[in-house]
Every structure is written in C-alpha cells, then in structure tokens.
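The values are calculated or read from the model by the stated rules, or taken from the named source; none is laboratory data. If you're wondering where the values come from, they're calculated on a predicted model, not measured in any experiment. When we count neighbours, we look across all protein chains shown, and the Cβ atoms used for this are built from the backbone with ideal geometry, even at glycine.
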Amino acid sequence: KTKDILKFKDGRVIERKSTPHVFEGKIIGRCWSYNDITQQTNLIDKLGRLAFRDSLTKLYNRRWCEKKLKQMLIGSSANTLAFLYLDLDHFKVINDSCGHIHGDDVLEEISQLLLNTVGQEAFLSRLGGDEFGLILHQQTEREVMAIANNIKGAIGNYSYHWKNKLFKIGVSIGVVFVDEEDDFRSVFVHADEACYISKETGRDKCTIYNSEKAEFQQTKTDLKWYDAIQKALLNGRFELWCQSINASKSGLSHYEVLLRMRTEADKLISPAQFMGSADRFGMIFTIDKRVIEEFCQFYYQNREAVQNSLFSINISGHSISREGFLPFVLNCLNKYDIDYKCICFEITETEIIKNLDSALIFINQVRELGCQISLDDFGKGLTSFSYLKNIPFDNIKIDGQFIKEYNDDQINEAIIKSIVYIAEVMNKKTIAEHIENEEIFMQIKSLGVDYFQGNYFSEPHQITKLLE
C-alpha cells in the first residue's frame with residue numbers, strides 16, 4: 001500500500017492511495033483512489049497559524065516567540081542574537097479612563113506603529129497585556145540600541161484622543177545580548193529583569209541586562225525569595241507569631257499578629273527579608289489572605305482562651321485595592337464567627353494615601369462592624385497630618401525610627417509630642433513600638449503615649465503560646 005499528497009498550482013491538495021490487486025499470490029495490478037483534502041488541509045494550516053498569532057493585534061504571540069527563540073539559540077554565537085522586552089508605560093491610565101475597548105484600539109495602533117518602526121518582517125510578538133517581544137539577529141550592540149531608541153521615540157510621539165482628552169504613553173525596554181550558554185527561559189527572565197529596572201528607575205528608558213550590576217544582583221535575590229515564598233505557601237510553612245502591645249494603664253490584652261516563614265532547612269525568616277520580593281512579584285495579596293484565614297481559624301478553635309483579647313492584623317495597600325479583598329475579609333470574619341471588636345487592622349499611613357479611595361471603603365466598612373483601624377508607621381510619610389482629618393482611625397502607631405533615634409535627636413521628641421497632642425485632640429490612642437529597654441520606655445511614657453510594644457515587654461513568639 002502507498003499514500004502520497006499531490007499539490008497543484010491552483011491550490012488543490014489531493015491525497016492519493018494505491019492498493020495492490022493480488023491474484024494467486026501475485027500482484028497483477030493496483031487500485032488507485034484520489035481524495036480531495038484541500039479544505040481539511042487549509043483548515044489545519046489556518047489553525048496552525050492561529051495558534052501562533054495574537055487574536056487582537058495579529059502579531060506573533062508568546063508561544064511563537066518562545067519557539068523562535070529556541071530555534072535561533074541553536075548554534076548562535078555570542079552577541080549575534082538580541083532580545084528586547086517592551087512594556088508600555090501608563091497604558092493602565094487609558095484602560096481605566098477610556099475602557100478596555102479603547103485600550104484594545106491603542107494596542108492595535110501601537111502594534112502597527114512597532115511594525116512600521118522595525119519592519120514588517122521583524123520577529124515581533126505580543127507577549128501578553130501591554131508587553132511585546134522583539135528578536136534581532138546579526139545586529140551589533142550599536143544597531144540594537146539604535147532600534148530600541150527608535151521604538152522609544154516612535155511610541156513617545158504617539159498620542160490617543162478620546163472625548164477631548166489627550167493620552168500619552170511611553171515604553172520601558174529591557175535588552176539581552178544572548179550568551180552561548182543561555183536558553184530561551186533565561187533570555188526571557190533576564191530581559192524582563194532589565195525591563196523592570198527601566199520601570200523602577202524612571203520609565204521610558206532602555207536598560208541592557210548585566211548580571212554584574214548591583215540592581216541585577218538584587219533581582220536574583222528577589223527571584224530566590226519568590227521561589228521560597230511559593231514553596232512556603234504550597235507547603236504551609238508560614239507561621240503566625242505575635243507580640244504583646246502593652247497599655248500604660250491596665251486594659252484589654254492586645255497583640256500584634258506577626259508572620260514568619262520557615263524554610264526547608266527549618267530556619268525562621270522575618271517578613272523584612274522577603275516582603276520586598278513578595279511586593280515586587282505581586283504575592284502580598286495571597287499572603288495577606290493566608291494570614292487572615294489562618295488567624296480566623298486559630299481564633300475559632302481557641303475562642304475561650306483568646307476572646308477577651310484584641311488582635312492587630314497587618315494588611316497591605318495592594319490587598320485593599322484588589323477587587324474581592326473586602327468580601328474575602330468579611331466572609332472570613334463571618335465564617336469563623338469572629339467578634340469584630342477583637343480585631344484591629346493595621347495599615348501603613350503611606351499605603352492608605354497611595355490607595356486612598358479603596359482604603360476608605362475598606363476602613364469605613366470594617367469600622368462600621370466594630371473593628372478598629374491603626375495607622376501604622378505614622379510619621380514616615382510627608383503628608384501625615386493633612387490626611388488625619390480625612391481618614392477614620394482609632395490608633396496611631398508611631399513610626400519606630402522615631403523611637404530608635406529618640407536619644408540622638410531632639411527633633412524626634414518634638415515629633416512624638418506633636419503626634420500625641422493631635423491624637424489627644426482627636427480622642428485617639430497612640431502606640432510606640434521598638435521599646436527595647438526601661439530607659440526608653442520611661443522617656444516615651446513621659447510624653448503621654450498610651451500603648452507600648454517591644455522586646456522590653458515581650459519578644460515575638462508563636463501565637464499558639466497564648467494558649468499555655
């Protein structure tokens with residue numbers, strides 16, 4: 001039996017099969033059959049093309065880009081292959097102001113603009129969202145950077161008009177000159193890192209990846225923490241700890257709920273070491289939800305032992321601004337039958353200001369139920385006092401740096417006195433953290449602070465020790 005495909009100039013595709021005709025053990029002829037498979041072949045080709053094309057911009061997609069990089073990395077010599085990672089600046093403003101339909105219009109226009117700039121035959125792809133990738137081959141570093149600057153200039157000159165409003169965007173670019181030892185994954189990661197540096201250092205600029213530079217060393221550290229955080233979330237290695245908050249006069253037991261990560265080597269890690277990385281990679285939302293869920297479970301299971309205590313839980317501005325976070329919190333409190341008066345949410349002053357509208361919605365809702373709000377790290381921002389009149393809160397937690405440096409700077413004393421005075425006028429309470437010894441405790445207490453937290457009273461410990 002035989003089978004082959006015949007392709008004709010007019011586009012027809014014919015499948016030809018032959019079967020031998022046997023008589024008395026000998027082949028005496030063949031039976032031929034012909035089947036027109038033009039329609040099926042065209043459909044398969046079309047589906048194949050669609051699999052590697054972005055449906056909106058008609059550019060190549062991320063899947064194609066990865067496949068092309070793999071192919072071109074085979075046998076490529078150092079610095080003959082470059083990859084550019086492009087991320088539009090301020091595109092979110094257009095999406096939020098005009099709607100996603102107009103955002104899609106902008107992406108289509110930018111895609112055509114990029115093609116006009118780098119050439120219709122360029123290996124240009126849309127990686128997703130407002131991010132694009134460009135593969136350049138047989139180009140010198142000077143030529144690559146010239147292309148990158150041409151892209152930056154073209155997008156910088158672009159504007160979008162909507163309802164008598166003018167919108168401008170820019171582009172941050174990360175460039176990788178491929179090394180012989182690179183694979184396509186490392187090329188993507190390094191280009192993304194370089195693009196991130198462009199974003200963080202002012203936007204609308206181009207950064208070449210260089211593993212020896214300090215900023216890229218930090219990125220490597222962040223990526224290691226990213227992996228550790230993912231594993232900790234997956235394997236339940238985040239632990240709830242707490243530290244007492246002590247009143248200058250007798251009152252309700254008060255604790256701040258703290259978080260620790262236990263590594264695979266059984267080492268405890270404080271949030272100060274990994275939260276920056278969690279913030280960079282958008283993991284704080286997941287961590288905040290995990291803390292709230294696990295605390296509510298702890299409270300529910302040990303209600304009799306802890307129901308007369310107040311617990312402060314830290315939440316980030318990123319979480320407050322995320323859709324679904326407030327319903328999640330309210331659902332947890334109701335699901336585990338938590339007494340609202342036993343909960344205080346700590347939010348840093350700067351995070352509230354950065355996410356003011358969503359923060360006020362969250363604050364008003366939980367305070368209406370009976371929860372308290374503490375302004376954490378107060379005094380760290382530059383606009384603290386002007387916002388106090390507009391933010392509903394119950395406690396001011398004075399930024400610990402003022403306490404640490406109290407003996408070194410008389411200005412710190414004046415700042416603390418000012419905060420205490422304003423809190424008294426507003427009938428709010430003040431909390432001083434980082435109280436490490438009796439001397440600093442007595443000094444800060446003399447200024448009229450209401451509550452104190454620090455190792456002088458109690459070092460942080462696992463929350464389960466409250467049951468002992």
Assuming LYS249 fulfils every condition listed in (1) part of a loop (DSSP other than H, G, I, E, B); (2) among the basic types (Lys, Arg); (3) in contact with a Leu (Cβ under 7 Å, 6 or more places away or on another chain) apart from one, which condition is it?
(3)
Of everything in the range 377-405, what is at pLDDT below 85 and of a type outside the set (A, V, I, L, M)? Give them in sequence order.
GLY379, LYS380, GLY381, THR383, SER384, PHE385, SER386, TYR387, LYS389, ASN390, GLU405
Looking only at the range 57-112, filter to residues that are of a type in the set (Asp, Glu) and within 22 Å of the chain's Cα centre (by Cα); which one of those is farthest from PHE167 (Cα to Cα)?
ASP87
Taking into account only those residues within the range 264-274 that are in contact with a strand residue (DSSP E or B) (Cβ under 9 Å, 6 or more places away or on another chain) and not in a loop (DSSP other than H, G, I, E, B), which is surrounded by the most Cβ atoms within 10 Å (Cβ to Cβ)?
PHE274
Would you say HIS461 is at pLDDT 90 or above, surrounded by 13 or more Cβ atoms within 10 Å (Cβ to Cβ), touching a Cys at 6+ places or on another chain (Cβ under 8 Å) and in the same structural domain as ALA305 (by TED's automatic domain parsing)?
yes
If I filter the range 101-109 for residues that are small (Gly, Ala, Ser) and touching a residue at least 24 places away in the same chain (Cβ under 8 Å), do I get at least one hit?
no
Which residues, taken from the range 116-162, are without any contact (Cβ under 8 Å) to a residue 24 or more places away in the chain and assigned to a helix (DSSP H, G or I)?
ARG142, GLU143, ALA146, GLY153
Any residue at all in the range 412-425 that's in the same structural domain as GLN243 (by TED's automatic domain parsing), within 34 Å of the chain's Cα centre (by Cα), surrounded by 14 or more Cβ atoms within 10 Å (Cβ to Cβ) and modelled with pLDDT under 95?
yes
Among residues belonging to the range 38-56 that are more than 30 Å from ASP130 (Cβ to Cβ) and at pLDDT 80 or above, point out the one that is nearest to the chain's Cα centre (by Cα).
GLN39
How many of the residues making up the range 429-455 are in contact with a helix residue (DSSP H, G or I) (Cβ under 7 Å, 6 or more places away or on another chain) and either of a type in the set (Gly, Ala, Ser) or more than 20 Å from ASP376 (Cβ to Cβ) (or both)?
3
